[in-house]
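Reading through the structure tokens given below for one structure.
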Amino acid sequence: MQGQPVHDLLPLPFSQQALEHTAARIRQVQQQVGRPLVLENATFYAHMPGAQMDEATFLGQLLEAGDCGLLLDVNNVYVNSQNHGFDAQQFIDRMPMHRVRQLHLAGHTLQGDTIIDTHIGPIIDPVWELYRYTLKRAGRLIPTLIEWDQEIPPLAEVLDEVDRARAIAVQVCGPQVPEPLSGGAR
Amino acid sequence: MTRQRQPPLQTFFAQIGPFLLGTQDHAQTVQALYGSQGKTSIDAQRLEIYGRFCQTHRFEAVDSVFSACRQAVLQHQGDAAWAALVHRYFLAHPMHHFELNQNGEHLPTFLAAEAEAGLVPAFLPALADFDWWEWQVQSAPDDPADAQPDEGPLRLGSTVDVRPYAWDLLGYVKDPGATAAPAAKDGEPQLIVFWRDRSLDGRREQAHPLELLVIKAVIEGVALNQDLAKRIGVSTKLLKETAQDLLAAGILLGQPAHLAPSKRKTTSKTKSEPKRAIAPANRKRSSSGLVSD
């Protein structure tokens, strides 16, 4: 922000100008780094003034204009859908699945009337269902990361979440899933 | 969704920036961003979340790294004073680094000016410096030169630093509630060596003059031999034992063979040979006044 890091995810106005500004930055990064960039859909708690389109339109056009991949955070889609009152599955329908390189799953926290993307706690059932829906829409296995970075539980609890993600992936995509983690931690 | 206005992106950043940086309140920002029509909207209300998050990060940047310093302010001046101090600090030194905790690097200097003005206790800048160097040692990246600690010539570990303090900070942080302030060191400063030991744990202890002489000799490539022992007035045996302690503690690195006992007959122990302060963490220390955490 004005040359100063604020160490948080901040929303942009969903405007044409913001889209062009961000797409130019994406192209610049990819050119300088020489590697493809994967952009994540973030949670946002307030629409910024000057919006000319909704989030899904903004994100879809941004990915095209920046020609980059998508890290689709399924929990973020759910959180935003609840906070801003849209249909999460319809949002998934509008994502360019051929650009999705990774999926994220996480828990979250209800604070007042707003869900905050805290990465705390187990993944709730509606997010699991949205994950299942996303894999069906993609029609392929997509690498999936479970985020749990505050109030971290015993490893076994996190691995239970991994097992559940794998089970869903097997149900949707067939038995092409890597073997579960082994080791004595469980 | 609020659609009533489309400020240029630069205007948007200029309007929301001061709020996120803690220099403009929520009401003013809402008015600037959403106008009178939208200032009661849910978006305007939820903007407060971002102000809160950014404020939290400012505290996160300094609360843990400067834990002793914070505790001292809480004890002397209360919670509100610490909050105000953090606010003043980030006004003077806005965040500039992607590594959150690195943004506290100017706090000791900032507190020196604050102490000069009588706004904080006089010992606080030193305590902040102490906190900062503890963190520097703990968070320093691994240096390839440290990868084989028992190989190569005698050398200093990459994380080692010695800092002088005009207060007994070690005594104070050991039991900060016991005294209102650390005892002032009259005359000689308290020299504290900070380093990461062989177990990669951050450590800090008061360094004895003989240990500092050994460290200085190693830095300058001076052999730890009988000649040096004679010059500084200790036995060769004590000189090498001191170096061995430093080696075991991880302050010195290198082949222990460099410290093999001399084949020449060593001189007898000097009458008032100084004690050594630094011992390896896993060695039981003697009761000879060794300083411990």
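Rule-based calculations on the coordinates, nothing more; no lab input. From a predicted model like this one, the values you see are computed outputs, not experimental measurements. Virtual Cβ from ideal backbone geometry, glycine too; neighbours counted across all protein chains shown.
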Notebook entry, point to check: Separation of region A:20-80 and region B:213-231 by C-alpha centroid, Å?
Noted result: 61 Å
Note to self: Please report Rg (one decimal) and Dmax (integer) in Å for the Cα set of chain A.
What the structure shows: 17.2, 54
Margin query: Considering only C-alpha atoms, what is the centroid distance from region B:58-95 to region B:112-155, in Å?
Written below: 18 Å
Check: Using bins 10 angstrom wide from zero, how does P(r) for chain B break down, in % of all Cα pairs?
Finding: 6, 22, 24, 19, 13, 8, 5, 2, 1, 0
Check: Which aspartates and glutamates have a Cα less than 18 Å from the Cα of residue B:240, not counting those fewer than 8 places away in the same chain?
Finding: B:150, B:151, B:211, B:220, B:227, B:273
Margin query: As a test of the definition: which semi-axes, in Å, follow for region B:70-156 when you take the square root of five times each eigenvalue of its alpha carbon gyration tensor? Largest first, please.
Written below: 33, 15, 11
Check: Rounded if a/c is under 1.5, else prolate if a/b beats b/c, else oblate: with a ≥ b ≥ c from the C-alpha gyration tensor eigenvalues square-rooted, which is region B:154-232?
Finding: oblate
Next item on the list: Could you calculate, for region B:9-60, the ratio of the Cα radius of gyration to the Kirkwood radius, expressed as Rg to Rh?
Entry: 0.98
Next item on the list: With θ set to phi - 60°, apply the Karplus curve 6.51 cos²θ - 1.76 cosθ + 1.60 along region B:223-228 and write out the HN-Hα couplings as whole Hz, x wherever there is a Gly or Pro.
Entry: 5, 8, 10, 4, 4, 5
Check: Out of residues 5 or more away from residue A:51 or on other chains, whose amide H comes under 5 Å of its own, with H placed 1.01 Å from N in the peptide plane?
Finding: A:14
Margin query: Can you compute the helix-only [θ] at 222 nm over chain B? Use -39500 (n - 2.57) per DSSP H run of at least 4 residues, normalise by all residues, nearest 500 deg cm²/dmol.
Written below: -14500 deg cm²/dmol
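If you count, for each residue, the other Cβ atoms within 10 Å and average over each peptide, how do B:75-85, B:107-117, B:174-184 line up from highest to lowest?
Values: B:75-85: 14.5, B:107-117: 17.5, B:174-184: 12.7.
Averaged packing, sorted descending, gives the order B:107-117, B:75-85, B:174-184.
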Checklist line | Shielding by partners, peptide B:36-45 (average Cβ within 10 angstrom, other chains) | finding: 3
Checklist line | In sequence order, calculated HN-Hα J values of region A:51-65 (Karplus, 6.51, -1.76, 1.60; Hz; x Gly/Pro) | finding: 5, 10, 7, 8, 4, 5, 5, 4, 5, x, 5, 5, 4, 5, 5
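Averaged across B:54-66, how many Cβ atoms of other chains sit within 10 Å of each residue's Cβ atom? Before the final figure, lay out the partial values.
Numbers: counts 5, 0, 2, 4, 2, 0, 1, 1, 0, 0, 0, 0, 0.
Across the residues of B:54-66, the mean count of other-chain Cβ atoms within 10 Å is 1.
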Next item on the list: With θ set to phi - 60°, apply the Karplus curve 6.51 cos²θ - 1.76 cosθ + 1.60 along region A:26-40 and write out the HN-Hα couplings as whole Hz, x wherever there is a Gly or Pro.
Entry: 4, 5, 5, 5, 4, 5, 6, 7, x, 9, x, 9, 10, 9, 9
Notebook entry, point to check: In degrees from 0 to 90, rounded to the nearest 10, what is the angle of the helix B:209-220 Cα long axis to the longest principal axis of chain B?
Noted result: 80 degrees
Checklist line | Rh by Kirkwood over Cα pairs, then Stokes-Einstein D for the protein assembly as shown at 0.890 mPa s and 25 °C, µm²/s | finding: 91 µm²/s
Margin query: Only Cα pairs within less than 10 Å get springs; with that Gaussian network setup on chain A, which residue of A:39, A:110, A:63 has the largest fluctuation?
Written below: A:110
Margin query: Counting only other residues whose beta carbon sits under 11 Å from that of residue A:99, what net charge do I get with K and R as +1, D and E as -1?
Written below: -1
Notebook entry, point to check: In degrees, nearest 10, range 0 to 90: what is the angle between the Cα axis of helix A:74-84 and the longest Cα principal axis of chain A?
Noted result: 60 degrees
Check: Of the peptides B:197-209, A:153-165, how do they stack up when ordered by the mean number of other Cβ atoms within 10 Å, highest first?
Finding: B:197-209, A:153-165
Note to self: Helix B:79-92 against the longest principal axis of chain B: what's the angle in degrees, Cα atoms only, rounded to the nearest 10?
What the structure shows: 90 degrees
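Would you mind calculating the relative contact order of chain B from Cα pairs under 8 angstrom and at least 6 residues apart, reporting the percent as a whole number? Before the final figure, lay out the partial values.
Numbers: 371 pairs, mean separation 39.5, N = 293.
Here the relative contact order equals 13 percent.
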